[in-house]
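The values are calculated or read from the model by the stated rules, or taken from the named source; none is laboratory data. Here the structure is a predicted model, which means the values were calculated and not measured. Note that each Cβ is placed from the backbone with ideal geometry, even for glycine, and that neighbours are counted across all protein chains shown.
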Amino acid sequence: MLYTQHPHSEIPAGFLTARSPLPFARHIFGTKEHSSFPGSDEGIHALIERFGPIAWMQQVHGARLREATQSGSLPECDAVYTSNPNLWLAVKTADCVPILIASPYAVAAVHAGWRSAEQGILPRTIAHLCQTFQHGPDDLYLAFGPCLSQPHFEVEKEFIDKFEGQHGVRHAAKYFWPAAAPGKVLMDLPGLLGAQARAAGCLDIHMHSVPHCTYAQADLFNSYRRHTHAQAKQQPSSYAVQVSLIRRLPPA
């Protein structure tokens, strides 16, 4: 059964949605159940058979945005948008934040790890959508998907300075907790991305999330960090990703 964005409709097995539906779009966040395959694009083809045409990205942890007009792979980008209501957009993650964006005229999918966040992938996408489709940031609706949660996101203390004052973020230190290891802190990446979106003009009431941790919930999600920790302990582990999707609803 094809997923429909209706409060009483069924969600396909192996997928989740944000706590509030996205207007103007259908959206689903992936879990292990449907997408435990390596980081290559092979698994996308199985999803195409189920959902229809899909455009996906060759993700590189950068800040490049591309438009998708047809199905297939887009080279070296970490955000993709389309106004085509017959095309799904896909984002692959295994700890980074998948962000799905809906507006009256277009949808977008964003792959936001800390490198892309530092480079401004989300505010750049917001600005481009507003400029291209002539609407304001308050017309955008954002859903943040499952990702590495703050208790498991240990980084160097210098990361606070990386984000302070960048892309409208003020008082960046509030998005970091002290870590047990000297010189380390715990980063709230979704919190920082939300701050960037608010600074770009998006509304808090238009931003929703799936409050799941890819690291902690091993039964539900793939996690690259969990995989590397297991390898360091010489424990058996394999690396895979999950795929999340968004499609614009046709105009009424």
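Below, the figures for the structure above:
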{"quantity": "Hey, residue 159 in contact with a helix residue (DSSP H, G or I) (Cβ under 6 Å, 6 or more places away or on another chain), surrounded by 14 or more Cβ atoms within 10 Å (Cβ to Cβ) and either within 21 Å of residue 93 (Cβ to Cβ) or touching a residue at least 40 places away in the same chain (Cβ under 8 Å) (or both) or not", "calculated": "no"}
{"quantity": "Identity of the residue in region 114-148, in contact with a His (Cβ under 7 Å, 6 or more places away or on another chain), buried (at least 20 other Cβ atoms within 10 Å of the Cβ) and small (Gly, Ala, Ser), that ends up farthest from residue 208 (Cα to Cα)", "calculated": "116"}
{"quantity": "Whichever residue in region 173-184 is of a type in the set (A, V, I, L, M, F, W, C) and more than 17 Å from residue 147 (Cβ to Cβ) and, among such residues, is surrounded by the fewest Cβ atoms within 10 Å (Cβ to Cβ)", "calculated": "180"}
{"quantity": "Residue under evaluation residue 104, criteria (1) in a helix (DSSP H, G or I); (2) touching a helix residue (DSSP H, G or I) at 6+ places or on another chain (Cβ under 7 Å); (3) surrounded by fewer than 20 Cβ atoms within 10 Å (Cβ to Cβ); (4) of a type outside the set (A, V, I, L, M, F, W, C), criterion not met", "calculated": "(1)"}
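Conditions tested, residue by residue: (1) touching a residue at least 40 places away in the same chain (Cβ under 8 Å); (2) part of a helix (DSSP H, G or I).
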{"residue": "73", "(1), (2)": "no, no"}
{"residue": "76", "(1), (2)": "no, no"}
{"residue": "116", "(1), (2)": "yes, yes"}
{"residue": "128", "(1), (2)": "yes, yes"}
{"residue": "131", "(1), (2)": "no, yes"}
{"residue": "142", "(1), (2)": "yes, no"}
{"residue": "167", "(1), (2)": "yes, yes"}
{"residue": "170", "(1), (2)": "no, no"}
{"residue": "177", "(1), (2)": "no, no"}
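The rows are residues; the columns are (1) at pLDDT below 95; (2) polar (S, T, N, Q); (3) out of contact with any strand residue (DSSP E or B) (no Cβ under 6 Å at 6 or more places or on another chain).
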position	(1), (2), (3)
22	yes, no, no
25	no, no, no
34	yes, no, yes
38	yes, no, yes
43	yes, no, no
98	no, no, no
106	no, no, no
